[in-house]
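The values are calculated or read from the model by the stated rules, or taken from the named source; none is laboratory data. Only a predicted model underlies this, so the values are computations on that prediction, with no experimental measurement involved. Ideal geometry is used to build each Cβ from the backbone, glycine not excepted, and the neighbour counts take in all protein chains shown. Note: accessible area is taken over every heavy atom of the protein model, side chains too, but ligands, DNA and RNA are not part of it. Shrake-Rupley method; radii C 1.70, N 1.55, O 1.52, S 1.80 Å.
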Amino acid sequence: MEISLEELQLATRNHGLPLEALRYPITPPGLHYLLTHFDIPAVDPESFRLTVGGRVERELTLSLDELRTRPRAELTVTMECAGNGRARLEPHVVSQPWLDEAVGTARWTGTPLAPLLEESGVLDGAVEVLFTGLDRGIDGDVEQDFERSLPLAEALGAESILAYEMNGGPLPPQHGFPLRLVVPGWYGMASVKWLTRITVADKPFSGYQQAHAYRLRQEEDEEGEPLTRMPPRALMAPPGIPDFPMRRRTLAAGPVVLEGRAWSGWAPVAAVEVSFDGGRSWSNAELGDDLGTRWAWRPWSFRWQAQPGEHELWCRARDEAGNVQPLEPAWNLGGYANNAVQRVPVTVVP
Ligand SMILES: Nc1nc2c(c(=O)[nH]1)N[C@H]1C(S)=C(S)[C@@H](COP(=O)(O)O)O[C@H]1N2
Ligand SMILES: [Mo]
């Protein structure tokens, strides 16, 4: 299994969260993971408009100032790319080669989506809402704007917002300036960046990013299951110090506090467990306070007595819906949703 220069080209554009940055409850913007399929578009905030149209009574056209005078909502959300863990799959899947780190938590501020849709007057027969970005490119030989849809009930019922701020500052260009959708609990692909058009539709969207990408499939001609919410995952900030360039960890024997964060888009995190013997036995980690919302990760910690020698530290999360992380990844064509447990090899020295 080798990573090609083309994959490296993606990996240098789309960086992950350095795992030591799990220490921050809210990820500083430059450390939040990033995934952009095409180019970051140039946007003039003065002439920028969001339109809401399709199966509605009245089409709305809104400037950024008009969006900012609408009701404000703030949402702290852990977002993870559906391709997280892809690079660990065998056989190799060619796309953005994430290991474990395609995640971040931000405080998004904007205006709630549902009232905007209600104001436009959604007509009978509507089933989905389509979100279109300003970025354009070719994916799977199809030229396209980046577009994704949500079921109407999800768009009207959930807490999704149209965000114009990240962590209290303007949205950075790479995270969707001047406006993006944020869908809490869902994998990142739902949260369309550089959002310029919302279209209420009377049939399911069959565009590339919906009907072809982001589906769990074994074969090309299979319809597959669409990806939606994030299953549980726990990550650990690797303890000790790394070597360069292999990043192998070394730490001193004695008491060590292992720390990390865990999340699930289906239900609140119920437990995080750690294993030091390859998953034969598991011990409960201590869960810290949540960030006041079920949409953000929960801190966890475990006091470990590190003995000299070679160790592999494992951690896994379970949510209140009973979802638990698998020990081994399940392969699929797109290399999605690999939430197999993280394994951190360490050398403990006397
Ligand atoms: N317009 C647009 N929106 C997009 C994307 C994109 O390429 N273009 N990538 C999606 C994917 S796959 C992910 S995982 C998230 C990443 O959001 P971030 O870069 O702000 O972390 O944005 C989503 N929204
Ligand atoms: Mo993604």
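Restricting the search to the range 210-223, which residues are buried (at least 18 other Cβ atoms within 10 Å of the Cβ) and in a loop (DSSP other than H, G, I, E, B)? Across the range 210-223, the qualifying residues are A213, Y214. When the residues of the range 291-332 are filtered to those that are basic (K, R) and assigned to a strand (DSSP E or B), which remaining residue is surrounded by the fewest Cβ atoms within 10 Å (Cβ to Cβ)? Per the stated criteria, the residue is R303. Inside the range 1-11, residues that are at pLDDT 95 or above and either touching a Pro at 6+ places or on another chain (Cβ under 6 Å) or open to solvent by 60 Å² or more (accessible area, probe 1.4 Å) (or both) make up a count of 6. So in the range 26-72, with the set limited to residues that are out of contact with any helix residue (DSSP H, G or I) (no Cβ under 8 Å at 6 or more places or on another chain) and polar (S, T, N, Q), which one is farthest from ligand 2 (Cβ to nearest atom)? In this case the residue turns out to be T69. Considering the range 105-142, the residues that are within 20 Å of A73 (Cα to Cα) and in contact with an Asp or Glu (Cβ under 8 Å, 6 or more places away or on another chain) include one that is farthest from ligand 1 (Cβ to nearest atom), namely S120. Give the residue that is most open to solvent (accessible area, probe 1.4 Å), with candidates limited to residues of the range 12-42 that are within 14 Å of ligand 1 (Cβ to nearest atom) and not in a loop (DSSP other than H, G, I, E, B). Ranking the candidates gives R13 first.
Quick check on my filter: what residues within the range 153-189 are hydroxyl-bearing (S, T, Y) and within 16 Å of ligand 2 (Cβ to nearest atom)? Correct list: Y187 only.
Condition check for R55 on (1) at pLDDT 95 or above; (2) within 18 Å of the chain's Cα centre (by Cα): one failure, at (2). Only one of the numbered conditions (1) open to solvent by 20 Å² or more (accessible area, probe 1.4 Å); (2) within 16 Å of ligand 2 (Cβ to nearest atom); (3) under 19 Å from D139 (Cα atoms); (4) not aliphatic (A, V, I, L, M) is not met by T228, and that is (3).
Is one or more of the residues making up the range 78-98 more than 10 Å from ligand 1 (Cβ to nearest atom), closer than 20 Å to R294 by Cβ, in contact (Cβ under 8 Å) with a residue 24 or more places away in the chain and not hydrophobic (A, V, I, L, M, F, W, C)? Among the residues of the range 78-98, at least one is more than 10 Å from ligand 1 (Cβ to nearest atom), closer than 20 Å to R294 by Cβ, in contact (Cβ under 8 Å) with a residue 24 or more places away in the chain and not hydrophobic (A, V, I, L, M, F, W, C), which makes the answer yes.
In summary, M79 fulfils each of the numbered conditions (1) under 26 Å from Y214 (Cβ atoms); (2) over 12 Å from the mean Cα position of the chain (by Cα) with the single exception of condition (2). Residue-level analysis places P245 outside the set of residues that are in a loop (DSSP other than H, G, I, E, B), open to solvent by less than 40 Å² (accessible area, probe 1.4 Å) and modelled with pLDDT of 95 or more.
The set of residues in the range 73-94 that are more than 18 Å from S264 (Cβ to Cβ) and in contact with a helix residue (DSSP H, G or I) (Cβ under 6 Å, 6 or more places away or on another chain) contains only V93.
Could you tell me which of the residues V256, V192 is open to solvent by less than 60 Å² (accessible area, probe 1.4 Å) and either away from ligand 2 (no atom under 16 Å from the Cβ) or assigned to a helix (DSSP H, G or I) (or both)? None of the other options fit; the residue is V256. State whether one or more residues within the range 271-288 are within 18 Å of the chain's Cα centre (by Cα) and open to solvent by 70 Å² or more (accessible area, probe 1.4 Å). No, the range 271-288 contains no residue that is within 18 Å of the chain's Cα centre (by Cα) and open to solvent by 70 Å² or more (accessible area, probe 1.4 Å). Inspect all residues belonging to the range 159-169 and state whether any of them is hydrophobic (A, V, I, L, M, F, W, C), within 10 Å of ligand 1 (Cβ to nearest atom) and without any contact (Cβ under 8 Å) to a residue 60 or more places away in the chain. So far as the range 159-169 goes, no, none of its residues is hydrophobic (A, V, I, L, M, F, W, C), within 10 Å of ligand 1 (Cβ to nearest atom) and without any contact (Cβ under 8 Å) to a residue 60 or more places away in the chain.
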